[in-house]
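The values are calculated or read from the model by the stated rules, or taken from the named source; none is laboratory data. Only a predicted model underlies this, so the values are computations on that prediction, with no experimental measurement involved. Cβ atoms come from the backbone with ideal geometry, glycine included; neighbour counts cover every protein chain shown.
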Amino acid sequence: MKTLYNRFDKKMISTLPRVLFDGRIFVIQTEPEATKAVDYLSGFPLVGVDTETRPSFRKGAVNKVALLQVSTDDTCFLFRLNRIGLTDSVKSLLQNQNVLKVGLSLRDDFASLHKRDEFEPHAFLELQDYVKAFGIQDMSLQKLYANVFGQKISKGQQLTNWEADVLSEGQKLYAATDAWACIRLYRELESLKKTRDYQLAVVEES
């Protein structure tokens with residue numbers, strides 16, 4: 001039986017083994033590449049999604065979202081929106097009612113994406129809402145993943161330049177891992193919901 005915690009101790013995360021996406025990663029930098037990627041992704045009933053934005057260190061300055069990550073279980077596409085914008089094909093995927101798109105902090109992601117172009121999102125599942133049924137109160141991807149799988153997602157690349165001419169291997173792995181982790185969390189929690197093979201340990205707030 002798996003033990004889940006309502007709150008996962010952040011100090012414990014540094015002691016856990018690191019997890020990284022080990023599938024295929026494709027960087028999408030042109031509209032034809034985006035169309036081909038969306039055609040591929042549209043054949044899957046479930047994908048994980050996330051976004052990245054170049055950080056701004058000037059007060060009041062906010063950059064537009066630079067990257068949209070969409071991942072299956074073994075393949076992740078990194079759409080460089082700072083290069084191609086929100087193409088019609090990408091918008092069609094975000095609006096596709098036959099592909100369930102699982103993510104975290106989706107309201108923030110949608111707000112960022114809407115600054116690039118208008119679209120009507122369909123078939124999305126917000127993990128922050130989904131985990132509440134299990135009694136989990138943590139909202140960050142890192143804490144949720146550590147709680148459910150006992151592994152650490154490194155956040156070391158989060159504040160790097162997502163508009164760089166060439167994304168580093170570290171950036172690509174970080175971005176892909178975040179989108180893929182959303183699928184893994186959803187699948188595992190769905191399984192636990194069906195089997196009831198888990199218990200909740202309540203940790204009082206310190």
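Has segment 92-101 got any residue that is under 18 Å from the mean Cα position of the chain (by Cα), within 23 Å of Pro45 (Cα to Cα), assigned to a helix (DSSP H, G or I) and not aliphatic (A, V, I, L, M)? No; the residues of segment 92-101 include none that is under 18 Å from the mean Cα position of the chain (by Cα), within 23 Å of Pro45 (Cα to Cα), assigned to a helix (DSSP H, G or I) and not aliphatic (A, V, I, L, M). In segment 92-101 there is at least one residue that is closer than 21 Å to Pro32 by Cα, surrounded by fewer than 19 Cβ atoms within 10 Å (Cβ to Cβ) and either at pLDDT below 95 or not hydroxyl-bearing (Ser, Thr, Tyr) (or both).
Pairing each residue of segment 92-103 that is farther than 20 Å from Arg187 by Cα with any residue that is of a type in the set (D, E, K, R), provided the two are 6+ apart or on different chains, yields C-beta distances under 6 Å for Gln95/Glu120. Just the residues that are surrounded by 15 or more Cβ atoms within 10 Å (Cβ to Cβ), of a type in the set (A, V, I, L, M) and either under 13 Å from Leu4 (Cβ atoms) or modelled with pLDDT under 95 (or both), please, taken from segment 181-206. Matches in segment 181-206: Leu185, Leu189, Leu192. Note on segment 160-206: residues that are among the small types (Gly, Ala, Ser), more than 20 Å from Asp22 (Cα to Cα) and not in a helix (DSSP H, G or I) total 3. Tell me which residues, restricted to segment 132-152, are small (Gly, Ala, Ser) and within 25 Å of Arg54 (Cα to Cα). Once the filter is applied, which keeps residues that are small (Gly, Ala, Ser) and within 25 Å of Arg54 (Cα to Cα), segment 132-152 yields only Ser140. When Asp109, Asp117, Asp88, Asp129 are checked against the criterion of being of a type in the set (D, E, K, R), without any contact (Cβ under 8 Å) to a residue 24 or more places away in the chain and either buried (at least 16 other Cβ atoms within 10 Å of the Cβ) or within 27 Å of Pro55 (Cβ to Cβ) (or both), a single residue qualifies: Asp129. Going by the conditions given, is Lys155 surrounded by 15 or more Cβ atoms within 10 Å (Cβ to Cβ), within 21 Å of Glu52 (Cα to Cα) and of a type in the set (D, E, K, R)? The answer is no for Lys155.
The residue pairs whose first member lies in segment 157-185 and is more than 25 Å from Met139 (Cα to Cα) and of a type in the set (D, E, K, R), whose second member is at pLDDT 95 or above and not in a helix (DSSP H, G or I), and whose beta carbons are closer than 6 Å, counting only pairs six or more residues apart or on different chains, are Glu163/Ala66.
Of all residues in segment 28-70 being under 16 Å from the mean Cα position of the chain (by Cα) and polar (S, T, N, Q), which is nearest to Leu93 (Cα to Cα)? Residue satisfying both the conditions and the ranking: Gln69. In summary, Asp178 fulfils each of the numbered conditions (1) surrounded by 14 or more Cβ atoms within 10 Å (Cβ to Cβ); (2) at pLDDT below 95; (3) acidic (Asp, Glu) with the single exception of condition (2).
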